[in-house]
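Undergrad: Mind having a look at this structure? Questions to follow.
Every number in this text was worked out from the coordinates using simple rules, so none of it is lab data. Since the structure is predicted, the reported quantities are computational estimates derived from the model, not experimental observations. Cβ atoms come from the backbone with ideal geometry, glycine included; neighbour counts cover every protein chain shown.
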Amino acid sequence: MQWSRMPMRSSDSTFASFADVAACRAMLRGGSRSFFVASLVLPKQVRLPATGLYAFCRMADDAIDYGSNRALALQDLRERLDRIYRGEPFDIAADRAFADTAARYAIPQAFPAALLEGFEWDSVNRRYEDLPSLTAYAVRVAGTVGAMMAMIMGVHDPVLIARACDLGVAMQLTNIARDVGEDARLGRLYLPLAWLRAAGIDPDLWLARPTFSRELSGVIEQLLQIANQLYARADLGLAKLPTACRPGMYAARLLYAEIGHELARLGMDSVNRRAVVPWPRKARILGASVIATARAAPPLPAVVLAEAQFLLDALTPPDAAAPAAAAAKPARLRVRWPRVEDRVIWLIDLFERLERRERSQRAAMNAS
């Protein structure tokens, strides 16, 4: 699809039109279905503004993954982001829709800028020496999205934003643990290099011939232990989300954590197989998510991942936030529990199948 590169004038439109949102949804449904499917577990008040965020993130990811010149693609994306935050987005539906979302919910530019930086690190197959450097990557590619989604849900408390970052990072670490073999076959290695060496594994030799071993099992288990600590801390924030947002978020969190439990059942072998949570266990987990949603919210810890502190520093104080963001109300909907449970289990399963298909397509693209 060809997009006009003419900048929009501030008088043309302050916020995105319904046509822009519809165009974004069509793009996500057709060319980026996993993002589209993930959004469907959210209430409408959250789903619509999230569409602009998802569309911009996906277009950015695709521009870097599939573009012939990644450096030029990043330069172009940063220019687009600057225009979005100046209120002069290019005449592109995703840019206008994200400009609307960012303005309405006072999302700092530092958040999507950090996401682009994470995409840049992926584009050069960056490796990570230790846990802090890997966490810095996970904060950028996943913690930022968690933080932006929390703001769209009407959350602006820095401590809650920190818990959203925890959840995003935990999910990203789970992804890394699950996809060790798939990533290696694409020439990518995300496990901390220092951990591998301490286990007696030479990273370069292993990447040239990825094999599973007891030593590698220990490294993967160590990573999942860190993820589980972050899941537990994120739970404290999930309990304070708007009621209508909790079922889908709890379900996603519990199902993602279960991937790690399935890996443990496989002996941590994510080189020769891919951990998939079977349907009967998914049903039990989703039942637990409904129970978890009704729990009272415990006190929140003020601890922040050091690697995510720059995001919290970028938050605008509530009294200085944009008027639209200050007026944003948390979603308050009546939740029909059986319907939510059935919908989430179907969507998560579809999400997994679509994600595998997208990964296969990307692998074929990289091999060509």
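Undergrad: Going by average Cβ density within 10 Å per residue, which order do the peptides 164-170, 188-194, 99-105 take, highest to lowest?
TA: Per-residue Cβ counts within 10 Å, averaged per peptide and sorted highest first, yield 164-170, 99-105, 188-194.
Undergrad: How high is the FRET efficiency from Glu117 to Arg284, r the C-beta distance, R0 30 Å, rounded to 0.05?
TA: After rounding to 0.05, the efficiency reads 0.15.
Undergrad: Quick check on the exposure proxy: order Ile201, Ile152 from fewest to most C-beta atoms within 10 angstrom.
TA: Neighbour counts put them in this order, fewest first: Ile201, Ile152.
Undergrad: Based only on other Cβ atoms within 10 Å, what is the fewest-to-most ordering of Phe98, Phe119, Phe56, Phe310?
TA: Ordered from fewest to most neighbouring Cβ atoms within 10 Å, Phe98, Phe119, Phe56, Phe310 come out as Phe310, Phe119, Phe56, Phe98.
Undergrad: From the phi angles alone, apply the Karplus equation (6.51, -1.76, 1.60; θ = phi - 60°) to the range 264-277 and give each ³J(HN,Hα) in whole Hz, x where the residue is Gly or Pro.
TA: Karplus values, whole Hz, x for Gly and Pro: 4, 5, 8, x, 6, 8, 10, 8, 9, 8, 10, 5, 10, 7.
Undergrad: What is the gain in length, in nm to one decimal, between Asp62 and Asp202 on full extension, counting 0.36 nm per residue of separation less the C-alpha to C-alpha distance?
TA: Result: 47.2 nm gained on full extension.
Undergrad: Between Glu79 and Asn228, how many nm apart are label points set 7 Å from Cα along the C-beta direction?
TA: So the label points at Glu79 and Asn228 sit 4.9 nm apart.
Undergrad: Still on this structure: If I stretch the segment between Leu72 and Glu129 completely, what's the gain in nm (0.36 nm per residue apart, minus their alpha carbon distance), one decimal?
TA: Here the segment from Leu72 to Glu129 would lengthen by 17.8 nm.
Undergrad: Could you tell me the center-to-center distance, by alpha carbons, between the range 58-88 and the range 208-229 in angstrom?
TA: What the calculation gives is 34 Å, centre to centre.
Undergrad: Okay, moving on. Taking θ as phi - 60°, what are the ³J(HN,Hα) couplings along the range 188-197 by the Karplus curve (6.51, -1.76, 1.60), each to the nearest whole Hz, with x for Gly and Pro?
TA: Here the 3J(HN,Hα) series is 10, 9, 10, 4, x, 4, 5, 5, 5, 4 Hz.
Undergrad: Name the residues whose placed amide hydrogens come within less than 5 Å of the amide hydrogen of Asp91, ignoring near sequence neighbours (fewer than 5 apart) on the same chain.
TA: Counting only residues 5 or more places away or on other chains, the set is Met6, Met8.
Undergrad: Among Leu266, Leu196, what is the fewest-to-most ranking by other Cβ atoms within 10 Å?
TA: Leu266, Leu196
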